[in-house]
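See structure below.
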Amino acid sequence: MKQPKKHHQFTSSWGFVLSAVGSAVGMANVWGFPAKMGSNGGGAFLIAYLIFIALFGIVGLSAEYAVGRRAHTGTLGSYEMAWASRTKRLGPAGGLLGWLPLAGSMCIALGYAVIIAYVLKAFAASLGGSLMTVDPGPWFESFSLSDYSVIPFHVIVVVGTLLTLLLGAKSIEKSNKIMMPLFFVIFLILAVRVAFLPGAAAGYRYMFFPRWEELLNPMVWIWAMGQAFFSLSITGSGMIVYGAYLDREEDVISLAKRTALFDTIAALVAALVIIPACFAYGLDIGAGPSLLFVTLPRILQDIPLGRLFAVILYTAMVFAGVSSLQNMFEAVGESLLHRFPKLDRKLMLAILCAVCLGVGVNMEPIFKWGPWMDIVSIYIIPIGATLGAVSWFWVMPREELMDEICRGSGRGAGRLWYSIGRYLYVPCAAILCAVALLMKVAF
């Protein structure tokens, strides 16, 4: 197989890690993690989450990196390669299966762009000062319950993100080298400010002093497992394309560990902002999207220099959202370029822009956005993640996967790594898929 062109590769391991962390760090960290932690036992949830992050990061994430690098392409080509490596006649079937996780990336991108448009509107309101004087509840309802209410912000988000993809891996790497360090710095500043709020200590106790009996609740483990999957962007699609841009001599397990570590730090830093602040003000931690647009503005209105901290908060949120959206768009775009070799990258990005805006503007009201994201997260993403896990550990021959996993590693991975992937990681993906479907049927 031919190695991808140099300008389609990440230039350094840290550039790759920051880009991968950028994909992983997003709404799943900033409101998803604190909300799930707040609703599922606090410190007990954190223990379960860290266990799954270690498992999925070392095994699942590194497998997606390795498969993408071996195929030298994204979702469609990687599934085709994995199935064809078992026997050539299965290649077309694998390529067809790859469309489902790829569709998952596109569907998430459609909904994700809407919520980032909300964030950009909040940023503009904080920058102009109006966010400090409005009643956050009615203000949020004024645009979240109306059709076509954030179109200008929606256009800026989609077009701006796609422009960062013009040069492929090179522009993704450069933008994330700026956005990700700033994200961490900004949230650390906010976490320090929140630490001085009266009552914040109760939030820290809830986070770090587990009630051990909560670990006997199976749903704590199920929610932690789902959060770990989504937080690391292990969807059977997105991280594959970043793996395709990796140098042949990079150690994918080491890179996966670093990605998981910084993704976890991002989730914890976000929780250190949101959970103590909610405890300090007696607010609902599990409020979902309204946490960002109703709960936090109320807190910011009540603290000294609230306007400055609002600008800081929503700047970090824009960075987190755009870096994740980059991965979703690139996963879809690279597969289109692979499937249609004569397609120009600029034309491909224009097509993605038209689809995202054409479909996405109809999901701007929260009552349309919510059901859409439920369908994606309950059906498409868990099924896509399961298809990927089965393809790498049950369809692809062991020696093919292990050859790529061990490439660039001084010590390499052994039978234990593969056995964990096959007999623990794959069942976890299948369980998550089954539970998601059962919960949808039950409720």
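Numbers below:
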| item | result |
| --- | --- |
| Selection count, the stretch 164-183, where residues are open to solvent by 20 Å² or more (accessible area, probe 1.4 Å) and assigned to a loop (DSSP other than H, G, I, E, B) | 3 |
| Close pairs from the stretch 142-155: first surrounded by 14 or more Cβ atoms within 10 Å (Cβ to Cβ), partner of a type in the set (S, T, N, Q), Cβ under 7 Å, at least 6 apart | PHE143/SER149 |
| Residues (of a type in the set (Gly, Ala, Ser) and either at pLDDT below 90 or under 14 Å from LEU336 (Cα atoms) (or both)) located in the stretch 76-105 | GLY77, SER78, GLY95, GLY98, ALA103, GLY104, SER105 |
| Tally of residues being among the acidic types (Asp, Glu) and over 14 Å from GLY236 (Cβ atoms) across the stretch 50-81 | 0 |
| Of all residues making up the stretch 191-216, the number that are open to solvent by less than 60 Å² (accessible area, probe 1.4 Å), in a loop (DSSP other than H, G, I, E, B) and modelled with pLDDT of 90 or more | 2 |
| Number of the condition not met by ARG248 [criteria: (1) of a type outside the set (Phe, Trp, Tyr); (2) surrounded by 24 or more Cβ atoms within 10 Å (Cβ to Cβ); (3) part of a loop (DSSP other than H, G, I, E, B)] | (2) |
| Which numbered condition GLY41 misses (of (1) part of a helix (DSSP H, G or I); (2) modelled with pLDDT under 90; (3) more than 21 Å from the chain's Cα centre (by Cα); (4) not aliphatic (A, V, I, L, M)) | (1) |
| Residue list for the stretch 54-90, filter: touching a residue at least 60 places away in the same chain (Cβ under 8 Å) and part of a loop (DSSP other than H, G, I, E, B) | HIS72, THR73, GLY74 |
| Which listed residue is assigned to a helix (DSSP H, G or I), open to solvent by less than 10 Å² (accessible area, probe 1.4 Å), hydroxyl-bearing (Ser, Thr, Tyr) and modelled with pLDDT of 90 or more, from SER323, SER391 | SER391 |
| The one condition in (1) open to solvent by 20 Å² or more (accessible area, probe 1.4 Å); (2) touching a residue at least 24 places away in the same chain (Cβ under 8 Å); (3) not charged (D, E, K, R) that LEU336 fails to fulfil | (2) |
| Evaluation of LEU188 against (1) under 21 Å from the mean Cα position of the chain (by Cα); (2) without any contact (Cβ under 8 Å) to a residue 24 or more places away in the chain; (3) open to solvent by 60 Å² or more (accessible area, probe 1.4 Å) (one fails), failing number | (2) |
| Number of positions in the stretch 344-365 that are open to solvent by 40 Å² or more (accessible area, probe 1.4 Å) and either assigned to a helix (DSSP H, G or I) or in contact with a helix residue (DSSP H, G or I) (Cβ under 7 Å, 6 or more places away or on another chain) (or both) | 9 |
| Subset of the stretch 183-221 (residues that are within 16 Å of ALA270 (Cβ to Cβ) and of a type in the set (Lys, Arg)) | ARG193 |
| Matching entry among ARG69, ARG86 (being surrounded by fewer than 24 Cβ atoms within 10 Å (Cβ to Cβ) and either over 21 Å from ALA109 (Cα atoms) or of a type in the set (Lys, Arg) (or both)) | ARG86 |
| Where a residue in the stretch 416-427 is on the phi > 0 side of the Ramachandran plot and its partner, wherever it lies, is assigned to a helix (DSSP H, G or I), with Cβ under 8 Å and at least six apart | none |
| Number of the condition not met by GLY236 [criteria: (1) in a helix (DSSP H, G or I); (2) open to solvent by less than 10 Å² (accessible area, probe 1.4 Å); (3) over 16 Å from ASN176 (Cβ atoms)] | (1) |
| Filtered residues of the stretch 57-76 (kept if polar (S, T, N, Q) and over 12 Å from ILE405 (Cβ atoms)) | THR73, THR75 |
| Filter result (under 20 Å from the mean Cα position of the chain (by Cα) and not in a helix (DSSP H, G or I)) within the stretch 286-313 | GLY286, ALA287, GLY288, PRO289 |
| Single residue of THR161, THR259 found to be among the hydroxyl-bearing types (Ser, Thr, Tyr), at pLDDT 85 or above, part of a helix (DSSP H, G or I) and over 22 Å from VAL311 (Cα atoms) | THR259 |
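A quick yes/no check of all residues on (1) touching a Pro at 6+ places or on another chain (Cβ under 7 Å); (2) open to solvent by 10 Å² or more (accessible area, probe 1.4 Å):
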| position | (1), (2) |
| --- | --- |
| ILE240 | no, no |
| SER254 | no, yes |
| ALA277 | no, no |
| LEU283 | no, yes |
| ARG298 | yes, yes |
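This table checks each residue for (1) among the small types (Gly, Ala, Ser); (2) out of contact with any Pro (no Cβ under 9 Å at 6 or more places or on another chain).
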position	(1), (2)
THR11	no, yes
TRP14	no, yes
SER23	yes, yes
GLY32	yes, yes
GLU80	no, no
GLY91	yes, yes
ALA103	yes, yes
ILE115	no, no
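The values are calculated or read from the model by the stated rules, or taken from the named source; none is laboratory data. Remember, it's a predicted structure, so these values are computed and weren't measured experimentally. Quick reminder, even Gly has a Cβ in these numbers, built from the backbone with ideal geometry, and neighbours come from all protein chains shown. Areas reflect the complete protein model, heavy atoms only, side chains present, ligands, DNA and RNA absent. Shrake-Rupley method; radii C 1.70, N 1.55, O 1.52, S 1.80 Å.
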